[in-house]
Each structure stands twice: as structure tokens, then as C-alpha cells.
Amino acid sequence: MQDSFYRNFLNDSDRTVIFIGGGGKTTLIQRISRDCRSLKKRVLILSLFPINSPLDANVVITDNLDEIEKLLKRELKNHGILYLGKRYEKGTIINFNISEIKKIIKLAPVDHLFIEADSTKGRSVSGYDRVPVTLFSVSDRVVNLIGADALNQVTNQNWLDSTDPFWQDKRVIQPMDIFDFIKYHPMSEKLADLNARKTFFINKVENTFIENLSIPLAKELKMTGIERVILGSVFNSNLHLIR
């Protein structure tokens, strides 16, 4: 039987998990959260950016952090997975700042706390270097994501002829080498200093042809200090862990 998304990406001891990069963060968080629900684990989801209401979580809105622990205990009894926001504004959830998130992390009575640290509105990977560095000081694990079709742009390999208009916007991925992106990006250096454990997920690997092309790249990524590389798709459970 195929391993669950939860077991592929996390250990029980990974309490705070930061998701960065491009290609499926929100969907990945939803998939892992479903597994958490089936395993009776309590999950709190946060974002650094304003978002629309998520489909797979009950939303709690509050700006009173002094009551946050009591509020979450009560709500988590009824719902194993919560999305926490500060307020609604024109149909959008406005989220907390870094100092508030740090307080929430200390107080939240949960097994896992998932933080989406950049967003499609920030143009995904191009917003990678705008993620506040201070947040990672409270992280157990960082999950980096990038799509196989995005790798087509940074490696000059014709892996996938994408019809997704999002990836046709050349501003999304700058013409940089993928290994330099992982090894030398200032954010990677900060993560290394903090000993955050890193998982790299190559998303949109949806058939054997793309998987076979991706495996050599995944093995090279393992040599950059990435703890685990996983190939697969957030839309199915056909995950391939590169050891």
C-alpha cells in the first residue's frame, strides 16, 4: 500500500513545519492534514499572506492572543484541523505577523503547526527571498517545493510541455541553475545555520517518463544537504522517496 503523505513528509516529532517554494504548497498541506485527521492528530494551519478561506479546514478568526490557548483547546475538541486567521477583510483572511506567529507557536495545543510561508499571489518561487528569515528560528522542518515543469525552465530540459498559464509567465522562475538555487541562495544559508531539517518535493511528477527524468536530479539534490527528496504529485498518492 502506498505510504501516506504524512509518513512521507513528516515524523511525529516534527511539530512546526514551514512550506516554501513553488508548485502545490496549499494542496500539499491539505493532503497531509487529511492524513493527520485520520491519525487523530491536532493540526493548526497558518499563512504569512492573506488568503481565501481554505476548503479543508475549519476557520477560527481572532486577534486576542491572550485567549488563544483556551480558544484552540475548545475548537480542536470539535475539529481536529483548524485554520487560524486574525480577521476577515473583503472576503479574505488576514493573517498574523511574525512576532504574533511565534507566540501562537508557543501556546498552540497541537501535534503539528503548518505554516505556508509564501504564496501564488507573491509569484511563488520568485517570492522565496522575501520570506521573513526570523520565522525559521522556530522551525523543526522546512519543506521546499518546485514543480517538474518549473525545472524545465531552470535546467533547459524539455521535461514537460506545460499548458498551465501560471508557468508560462517567465517572471515566476528566474533563469538560475537549480543547484545554485538550493546551495547558495541566502535563505538556504540561513536554514543551514539553524539546522532546520529539509525535505525537497518535486511536484507534478505524474507519470513514469517524468519520474525517470527526475531521479538523477533528485539524487544530486540529496548531495546538497537536503534530508529527503520526494517525487510525486499533490493530486495523487504515487510518491517516490529518493534515499
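Each reported figure results from applying straightforward, stated rules to the coordinates on display, with no laboratory input. Keep in mind the model is a prediction, meaning the values are calculated, not measured. For neighbour counting, all protein chains shown are included, and Cβ atoms are generated from backbone atoms with ideal geometry for every residue, glycine included.
For region 229-243, the Karplus equation 6.51 cos²θ - 1.76 cosθ + 1.60, evaluated at θ = phi - 60°, returns couplings of 10, 10, 9, x, 9, 5, 9, 8, 9, 8, 9, 10, 8, 8, 9 Hz by residue, with Gly and Pro reported as x.
Summing +1 for each Lys or Arg and -1 for each Asp or Glu among the other residues whose beta-carbon sits under 12 angstrom from that of LYS73 gives +1.
Each residue of region 42-53 was assigned a 3J(HN,Hα) from its phi angle through the Karplus expression (A = 6.51, B = -1.76, C = 1.60, θ = phi - 60°), giving 8, 10, 10, 10, 10, 9, 8, 10, x, 9, 6, 4 Hz with x at Gly and Pro. Relative to the current alpha-carbon distance between TYR88 and SER53, full extension at 0.36 nm per residue lengthens the span by 11.6 nm. Taking label points 7 Å from Cα along the Cα-to-Cβ direction, ILE61 and LYS102 give a separation of 2.8 nm.
Using the Karplus relation 6.51 cos²θ - 1.76 cosθ + 1.60 with θ = phi - 60°, the per-residue 3J(HN,Hα) values for region 30-38 come to 5, 5, 5, 5, 4, 4, 4, 4, 5 Hz, with x marking Gly and Pro.
Applying 0.36 nm per residue to the separation of HIS240 and LEU39 and subtracting their alpha-carbon distance, the gain on full extension is 70.2 nm.
Taking the average, over residues, of other Cβ atoms within 10 Å as the packing measure, peptides 204-213, 69-78, 224-233 rank 224-233, 204-213, 69-78 from highest down.
Take 104-117, 82-95 and order them by the average number of nearby Cβ atoms within 10 Å per residue, most first; the result is 104-117, 82-95.
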